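First up is the structure itself, then whatever we jot down about it.
Just so it is clear, none of the values below were taken in a lab; they were calculated from the coordinates. What you see is a predicted model; the values in this text were computed from it and never measured. Backbone-built Cβ (ideal geometry, glycine too); neighbour counts: all protein chains shown.
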Amino acid sequence: MRYEGKIYRPWIEADSQLIQVTLGCSINTCTFCNMFRDKKFRRRPLEDIFADIESMRRFYRHVESIFLIDGNVMVLKTDFLLKIVEKIRATFPEIQNISLYSGLNDLRRKTVKELTALREAGITTVYAGLESGDEQVLKDILKRMTRTQAIEGMEKAKAAGIRVLLSVIFGLGGHDRSREHIEATTELLNILKPEEIAPMALTVQPGTPLEADVQSGAFKLPTPLQILEEEKYLLQNLGDFDHYYWGDHGNNIAHMRGWMPRHRDMFLDHIKDQITGNPVTQKKVLETAPW
Ligand code: SF4
């Protein structure tokens, strides 16, 4: 297999094999993100992707899960994606899971018929960054997505039967918009009702517009206590829809994962313990570190 540039995959996909389908991210503007700033977005030639799939077969006797990288692979034309998924299914009859990154806008731009065809061909899960439900924060971070668009994209994925994991970022509203950010994010998650939620605490990545804003004072970092209070608010106010909560990202102050709402009380006890007992809550500002 050949991989170009820095490679990212969700920590949840640690056991999956990776096939590179796109290079970079077609959005590439989000102010907090430096994942693909060194790559100009393009799709790889189909023959190269097929060659990698065949090469993977020679190396691995049993492959149950494949994650398609790089950034929002779902932006590609449906016919192109179908060819890749069908090739994977033909090469790995044992495959159980094919997943990829997608913007909610990429889901929105496809028809339910197209998404259903992709699901029937073998795509099981998409990982989408919601980041925030606060319209102002979405604008500030240059996400190029509105709440309405997020809702439309999610409705189509649900209609097609594609499982969606949404990531959100604690602290993305900064010190001054913490409350608005988490209230609007929780409210939107309760509308979207994703099958999985992966919250992570903000970190400031080197070379990003966010880093420049922190240095100039235009963005005031939240405190660790605010990060924990945001998670407490989220856990208290998420609706009673079944979903898996991946609260164990390496950036997070509190670490937990399990089913919601079944484990809500246990998670809240853990957050409250962190709020009262973790010395980090005495700090006046969130200390950030690279991913
Ligand atoms: S956060 Fe996601 S959509 Fe935004 S630039 Fe980074 S990879 Fe692209």
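When cysteine pairs in the chain are screened for C-beta atoms closer than 4.7 angstrom, the residues that find no partner are 25. Stretching the chain fully between residue 236 and residue 78 yields a gain of 53.0 nm (0.36 nm per residue, less the alpha carbon separation).
List the equivalent ellipsoid semi-axes of the range 11-282 in whole Å, largest first, each obtained as the square root of 5λ for an eigenvalue λ of the Cα gyration tensor. The partial results should precede the final answer.
Details: eigenvalues 214, 86, 65 Å².
Output for the range 11-282: semi-axes of 33, 21, 18 Å.
Per q in 0.10, 0.14 Å⁻¹, report the Debye log10 I(q)/I(0) for the range 1-148, using one uniform scatterer on each alpha carbon and no solvent. Once normalised to I(0) and log-transformed, intensities are -0.34, -0.67.
Multiplying the sequence separation of residue 248 and residue 111 by 0.36 nm and subtracting their Cα-Cα distance, what value in nm do you get? Each step should come with its number before you reach the end.
On the way: separation 137, 0.36 × 137 = 49.32 nm, distance 3.37 nm.
Net length gain for the segment: 46.0 nm.
In the chain, taking the dipole from charged Cβ atoms about the Cα centre, the farthest positive-side position among 204, 185, 69 is held by 69. In this rough spin-label picture, where each label sits 7 Å from Cα along the Cβ direction, the residue 2-residue 96 distance is 3.3 nm.
Taking amide hydrogens as placed 1.01 Å from N in the peptide plane, the amide H of residue 243 sits under 5 Å from those of 260, each at least 5 positions away in sequence or on another chain. Dividing the alpha-carbon radius of gyration of the range 127-232 by the rule-of-thumb value 2.2 N^0.38 Å gives 1.08.
How large is the helix-only mean residue ellipticity at 222 nm for the chain, computed as the sum of -39500 (n - 2.57) over DSSP H runs with n ≥ 4, divided by its residue count, in deg cm²/dmol to the nearest 500?
Working: 10 runs with 115 residues, N = 291.
So the helix-based figure for the chain works out to -12000 deg cm²/dmol.
DSSP bridge analysis restricted to the range 11-282 gives an antiparallel fraction near 20%, rounded to the nearest 5.
Highest GNM mean-square fluctuation among 96, 274, 215, for the chain modelled with Cα contacts below 10 Å: 215.
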